[in-house]
Every structure is written in C-alpha cells, then in structure tokens.
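Since every read-out is calculated from the coordinates, none of them should be taken as a lab result. Quick caveat: nothing in here was measured; it's all calculated off a predicted structure. So basically every Cβ, Gly included, is an ideal-geometry build from the backbone, and we count neighbours across all protein chains shown.
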Amino acid sequence: MAGRGRAAVLPAWMKGNAAPGAPGASVAVSRPTPAAAPSLAQAAPRAAVPSAAPSGPGSAWTEHTAPDGRKYYYNAGTKQSVWTKPVELQTPEERAAAGAAAAAAAAA
C-alpha cells in the first residue's frame, strides 16, 4: 500500500494556507444574504439578541440587530423577517422620503 508509514505531502490548498486570492484559498463571507434573514431571526432566541426592542405600542414588529451589525425587523404575528423597515414603524419623515423615492422610480 503506497504512502503507508510516510508523512503525506499535501498541496498548499489542501493544508488551508493558500495565499489570499489564490485558487483554493478560503473566502470569508461577512454578512448573510437577505434570504437568510428569516432563518437568522428564527434561529436566535429573543433573549439572546440584546438589541431586541418593541417598536411601538401595539405593534407586532420588533427591531433586531444581526451578528454583522445590520438591523432587521421581525413580526411575531406572521413570523416574518425583513431587512427593510416596515411602514408601520416608519416616522412621518421616513414615509415621505420613501414615497418620494417610489415616485421618482416610477417616473424613470
């Protein structure tokens, strides 16, 4: 049997020490994709998220912070997570800005 009793000689990419950018080098991903947001919110218990705060009186939406620092919003009633701030939580100024942006996008 070949190789028995001798130290194996592995290429650098198999050892995990390939130069950054070289073929076989590992790539770190620092943020979840929007599709991962629902599983992120459901996987983490509310008590483990220190920034969980009720968004307003009678609102089902709560604001949370993902491990990468981005804010996301969770609706306990529908069990839905979103990256964009729901209309129910927006201030009048945010609603006006969102309406103006939508109108500009529709005109383009």
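Inter-label distance, ALA97 to GLN80: 2.3 nm, where each label sits 7 Å from its Cα along the C-beta direction. Sorting 90-97, 74-81, 60-67, 101-108 by average packing, meaning the other beta carbons within 10 Å per residue, from highest down gives 60-67, 74-81, 90-97, 101-108. The simple spin-label model puts a point 7 Å past each Cα toward its Cβ; for ALA106 and GLN90 those points are separated by 1.2 nm.
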